[in-house]
Every structure is written in structure tokens, then in C-alpha cells.
Amino acid sequence: MPKTNEELNAEIFKDMKRDGCAATAHQQRQAFVKWKASPTPDRYSHLAAHMNRITPAPADVPYPYHRCADALVQKLRKAGLMHVSAAKWSLTERGESFYAYVAATLEETSEV
């Protein structure tokens with residue numbers, strides 16, 4: 001049985017730490033929504049940049065949040081919510097529904 005958007009939300013967005021950057025579940029949700037709403041949401045490096053704008057990484061961390069962004073995108077891919085084509089990430093049909101759910105949830109709680 002396919003997982004609900006609520007189940008996927010809890011499963012995918014979990015606090016993580018990679019290469020000196022800690023990304024909270026809340027920060028990941030915010031960055032994901034901003035990344036997919038931006039005019040250039042195709043590369044995970046843009047997702048990392050959104051994470052860094054939300055919570056700046058220490059100055060001595062090279063490529064801040066890139067590993068966190070990559071881990072998040074891979075979770076989305078494994079859940080069947082995103083796919084890559086020509087080095088550009090895009091949402092699947094199921095991913096569009098999930099994105100709308102996450103965006104609405106953030107909007108309802110005024111977290112964006």
C-alpha cells in the first residue's frame with residue numbers, strides 16, 4: 001500500500017548531519033519548498049544554497065549543506081517522488097502531490 005503524504009513527510013524530513021552541517025527537519029522542509037518554487041530548482045546544489053540561506057553554515061565548512069542536500073534528494077528519489085534526467089532533478093507526478101502537501105503544511109503553520 002502506498003504511503004500517505006503525511007507518512008512520507010515524517011519519513012523523509014529528519015534531522016541530519018553531514019560534513020559539519022546539521023540540517024533540521026524544519027530547515028529541510030523550508031528549503032525543499034523554496035527550491036522547487038524557485039525558477040532554477042533543477043540541481044541539488046541550489047537546494048544546498050537554500051539550506052545555507054535559512055541557517056548559515058560555519059565559515060570554515062567547504063560546500064555547506066551539499067551532502068545534506070544530496071541525502072535529501074536521494075531520499076526523495078528512493079520514495080519515487082523525484083527523478084533525474086540530463087543532470088536535472090524534477091518531481092514525479094506523485095512528487096507534485098507531496099510537494100503541494102509539504103508547502104500547504106508549512107503555510108498553515110507559518111513556517112516558510
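Some points to look at:
- Residues within the stretch 84-108 that are free of Cβ contacts under 8 Å to residues at least 12 places away in the same chain and of a type outside the set (Val, Ile, Thr), tallied: 8
- Taking first residues from the stretch 45-62 that are among the aliphatic types (A, V, I, L, M) and partners that are open to solvent by 90 Å² or more (accessible area, probe 1.4 Å) and not in a helix (DSSP H, G or I), the Cβ contacts under 9 Å between residues at least 6 apart in sequence or on separate chains come to Ala48/Tyr63; Val61/Asp19.
The values are calculated or read from the model by the stated rules, or taken from the named source; none is laboratory data. Just so it is clear, the structure is predicted and the values come from calculations on it, not from any experiment. Positions of Cβ are backbone-derived with ideal geometry, glycine not excepted, and every protein chain shown enters the neighbour counts. The area values use the complete protein model at the heavy-atom level, side chains included, leaving out ligands, DNA and RNA. Shrake-Rupley method; radii C 1.70, N 1.55, O 1.52, S 1.80 Å.
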